[in-house]
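> Below is the structure I would like to discuss, written out as C-alpha cells.
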Amino acid sequence: MKRYFRDIFQSVWTVLQGMKITGAHLFTRSCTLQYPSVKWELPERSRMRLFNKIEDCIGCGQCVRACPVDCIYMTTERRAKEEPPIFAADGTPIKLRVTQFDIDMSLCCYCNLCTYPCPTHCLVMTPEYEFAVQAKQDFLYRFAKDEPQAPPKPAPSPRPARAR
Amino acid sequence: MQVEAYAGEEMVLNMGPQHPSTHGVLRLELETDGEIVRKVIPHIGYLHRCFEKHAENIDYPGVIPFCDRMDYIASMNNSLGYALAVEKLMGLEVNERVKTLRVLMAELNRVASHLLSIGTYAMDIGSFTPFLHCFREREKVLDLFEWLCGARLLYNYNWVGGVSHDIPEGFEAKTREFVTQFEPVIAELDKLLSYNKIFLERTADVGIISEEQALSHNVTGPNLRGSGIGWDLRKEEPYCGYETYDFEVPVGLGEHGPLGSCWDRYYVRVREMEQSLGLIRQALERLPEGDVHEHIPRRVRPAKSEVYDRTETPRGELGYYLVSDGGLIPFRVKVKSPCFTVLSLLPAIAKGGMVADIIAIIGSIDIVMGEIDR
C-alpha cells in the first residue's frame, strides 16, 4: 500500500521535473523555419541537382564509368581535323563532339562520385533542391547541344519473322 | 457458453510490417494469450535491396554509396568499415589527418545515431518531448555534415585511401561549439527521461538479456555492454588509432532492476554519447596537417586475396568479408550485421512478456532494418 502511493508520488514528481524543463524551453528561440516562405541557406558543398557545363565537357566518359547506378548516358564522335580547334575553359583541347549527355536525375543517388574524376570540373552538383516535376521523363536532363555530324549507321535489318 | 472455454486459446497477431514502433519494415508474428506473448517470430526481408549482389557488379569505390544505405542512420561508420577493409586488402596505409578525421566523423555520427535511437525509444514508450529535444540536437550534427561534405544522411565520405573532403574553414570551432552546448543537454535528458518513474517502470525490469544469452547469440555493441560485458572493438582491436585516445567503455550496472534490462541498454547509449564527446574533443585538438587525398589510388585493384575486417558502429560489430580475384570489381562482399544477431535473440527475451513490452524491447535493441535485410 505504501509502495503504491510512493510510486504515484514519484511518477508525478519526475513528470513535473520534466515539465519544468519543457516549460523553460517555451521561452527559448524557435529552431524551426517556416519553410516555403523562409529558406535555409545551404552550404557551398551541398549535393543536390547535377549540372554539366557542356561547353567545357571533353567527353572523356570518366563520370560514366564512376557512376555506381549508371544514370549518365554519353555518346561522342571524333571531331574532324578540318574543324577549328576548340578548348575548354581551362585550356584542355576538345577533340570529341558530345552528341548525347543525358543524366537521369530520378536514378541519381547523389553520391558525388561522378564529379570527382571530371578533368575540367564541368560536371558539378549544385545546391538547388527544388526540382520536382510532374512526369518521370522530365527528370532526364539533356545537356548536349551538338547534333551528330556523321550519318547514323544503318539499323541492323530485322530478323525475319518466325513462320507460324 | 462457459468462460473457461476461452481460457488458453491463443491468438496470432501480426505486428507490422508497417507499425510505427518496429523501426522500419519488420513484421512480428505474435502468439498471444490475452495480453501475454507466448511466442514471437520475426519476419525479415521487407527491405532487401541485394546489397551483396550489387557489390559484385560495381567497382570498389562504387560500393561505398551502397554501404551508406545499409545502416542509413550511421552512414559514416558503415562506409568507414568498408574503406578500412579495402585498404587492408590493398595494404594501403593512410596518413594521420585522414585517420583523425575518420575518428572525428565516426564519433559525431555515433552521437547523432544514439540521439535518434534514444529519441525514438522515448516516443515508443510514450513520451514525446525527449524525441523533439533529441532531433533538435541531431539536426546540428547533420548541419555540420552537410557543411563538410554536402549531404545530410548518406555522406559517401570515407573513400578508399582517404576522405572525400577536407574540413571547411571554421569547422573545428563550430564542432567545439556543438560539443560545449551539447553536454548540458545530456544532463537535461537524464532529468527529462532517464530517471522518469514511468519510463523506469516501463523499461527497468523488461527484456533482460543475461550475459550467457548475449554471448551465445553474438550480441555486440551497446546491447552487449548493457548486459555488463565491457567489450568494445575500439579498445580490443583498435583501428584508425583509437588506442591513442583516452576514453572509457560504459557498461550496464543494473542500477534499476536486474542487469541487462532495456533501461541498462538505453543508459549505456546515453553514457556512450558523453564518451564520444570526449573523443571528438581529443580528435579536434590533435588534428594534424596533411592532404586527405594523398593516398587515394587512381584505380582500386587489390591483388587476389581475401580479408575480414570489423569495426564498432553505434549498433555493434559490423564486419566486412571481402574476396578479390585481382580485378576491378569485388568477387564477394559479405556483411556481418550487428542488428541481425541481436534480432535473433528477440524470440527468447520477449517470450512470456506483455505485448507492450515488445515495443520496449525492440526500441531498446535499436535495430535498423536496412542493415538486417541489406
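The values are calculated or read from the model by the stated rules, or taken from the named source; none is laboratory data. Since the structure is predicted, the reported quantities are computational estimates derived from the model, not experimental observations. Cβ sites come from the backbone with ideal geometry, for glycine too, and all protein chains shown count toward neighbours.
> Only residues that are in a helix (DSSP H, G or I) and surrounded by fewer than 10 Cβ atoms within 10 Å (Cβ to Cβ): list them for the range A:1-15, please.
Listed by number, the residues that qualify are A:LYS2, A:ARG3, A:TYR4, A:PHE5.
> B:TYR72 is checked against (1) within 14 Å of chain A (Cβ to nearest Cβ); (2) without any contact (Cβ under 8 Å) to a residue 60 or more places away in the chain; (3) within 25 Å of B:TYR242 (Cα to Cα) and fails just one. What number does that condition carry?
It fails just one condition, (2).
> Among the residues of the range B:182-189, are any closer than 18 Å to B:ALA283 by Cβ, surrounded by fewer than 18 Cβ atoms within 10 Å (Cβ to Cβ) and either at pLDDT 90 or above or not small (Gly, Ala, Ser) (or both)?
yes
> Just need a number here: residues in the range A:53-110 that are buried (at least 18 other Cβ atoms within 10 Å of the Cβ), part of a helix (DSSP H, G or I) and under 17 Å from the mean Cα position of the chain (by Cα).
Qualifying residue count for the region: 2.
> Residue check: is B:ASN77 more than 14 Å from chain A (Cβ to nearest Cβ), surrounded by fewer than 19 Cβ atoms within 10 Å (Cβ to Cβ) and polar (S, T, N, Q)? So that I can check it myself, show each step before the final result.
Working: more than 14 Å from chain A (Cβ to nearest Cβ): yes; surrounded by fewer than 19 Cβ atoms within 10 Å (Cβ to Cβ): no; polar (S, T, N, Q): yes.
So B:ASN77 fails the test.
> Take the range A:111-143 and flag every residue that is in a loop (DSSP other than H, G, I, E, B), more than 11 Å from the chain's Cα centre (by Cα) and among the polar types (S, T, N, Q). Write out each step before concluding.
First, pick out the residues of the range A:111-143 that are in a loop (DSSP other than H, G, I, E, B): A:111-122, A:127-135, A:143.
This time we only want the ones that are more than 11 Å from the chain's Cα centre (by Cα), so: A:116-122, A:130, A:132-135, A:143.
Residues satisfying the conditions are A:THR120, A:GLN134.
> Same structure again: Only one of these is within 14 Å of another protein chain (Cβ to nearest Cβ), part of a helix (DSSP H, G or I), out of contact with any Phe, Trp or Tyr (no Cβ under 9 Å at 6 or more places or on another chain) and surrounded by fewer than 23 Cβ atoms within 10 Å (Cβ to Cβ): B:PHE178, B:PHE145. Name it.
None of the others qualify; the one that does is B:PHE178.
> Report, by residue number, each residue of the range B:43-69 that is among the aromatic types (Phe, Trp, Tyr) and either closer than 16 Å to B:THR311 by Cα or touching a residue at least 40 places away in the same chain (Cβ under 8 Å) (or both).
Matches in the range B:43-69: B:TYR46, B:PHE51, B:TYR60.
> Which of the numbered conditions does B:ALA283 fail, given that it passes all the others? Conditions: (1) farther than 30 Å from B:PHE128 by Cα; (2) buried (at least 20 other Cβ atoms within 10 Å of the Cβ); (3) within 17 Å of the chain's Cα centre (by Cα); (4) of a type outside the set (Ser, Thr, Tyr).
(3)
> Residues in the range B:301-321 that are more than 21 Å from the chain's Cα centre (by Cα) and buried (at least 23 other Cβ atoms within 10 Å of the Cβ): how many?
Residues in the range B:301-321 being more than 21 Å from the chain's Cα centre (by Cα) and buried (at least 23 other Cβ atoms within 10 Å of the Cβ): 1 in total.
> Filter the range B:121-142 for residues that are surrounded by fewer than 20 Cβ atoms within 10 Å (Cβ to Cβ) and of a type in the set (Ser, Thr, Tyr); which is farthest from the other protein chains (Cβ to nearest Cβ)?
So, considering only residues that are surrounded by fewer than 20 Cβ atoms within 10 Å (Cβ to Cβ) and of a type in the set (Ser, Thr, Tyr), the one farthest from the other protein chains (Cβ to nearest Cβ) is B:SER127.
> Just to be sure I understand, how many residues within the range B:183-219 are in contact (Cβ under 8 Å) with a residue 24 or more places away in the chain and more than 14 Å from chain A (Cβ to nearest Cβ)?
Residues flagged as in contact (Cβ under 8 Å) with a residue 24 or more places away in the chain and more than 14 Å from chain A (Cβ to nearest Cβ) within the range B:183-219 amount to 12.
> Just to check your reading of the model, which residue among B:TYR321, B:TYR308 is in contact with a strand residue (DSSP E or B) (Cβ under 7 Å, 6 or more places away or on another chain), within 20 Å of B:VAL342 (Cα to Cα), at pLDDT 90 or above and not in a helix (DSSP H, G or I)?
None of the others qualify; the one that does is B:TYR321.
> Can you confirm whether B:GLU93 is touching a residue at least 40 places away in the same chain (Cβ under 8 Å), touching a strand residue (DSSP E or B) at 6+ places or on another chain (Cβ under 6 Å), surrounded by fewer than 24 Cβ atoms within 10 Å (Cβ to Cβ) and farther than 12 Å from B:TRP159 by Cβ?
Values: touching a residue at least 40 places away in the same chain (Cβ under 8 Å): yes; touching a strand residue (DSSP E or B) at 6+ places or on another chain (Cβ under 6 Å): no; surrounded by fewer than 24 Cβ atoms within 10 Å (Cβ to Cβ): yes; farther than 12 Å from B:TRP159 by Cβ: yes.
So B:GLU93 fails the test.
> Of A:VAL38, A:VAL12, which residue is free of Cβ contacts under 8 Å to residues at least 24 places away in the same chain and either among the basic types (Lys, Arg) or within 30 Å of B:GLY126 (Cα to Cα) (or both)?
Details: A:VAL38 fails: either among the basic types (Lys, Arg) or within 30 Å of B:GLY126 (Cα to Cα) (or both).
Going through A:VAL38, A:VAL12 in turn, just one is free of Cβ contacts under 8 Å to residues at least 24 places away in the same chain and either among the basic types (Lys, Arg) or within 30 Å of B:GLY126 (Cα to Cα) (or both): A:VAL12.
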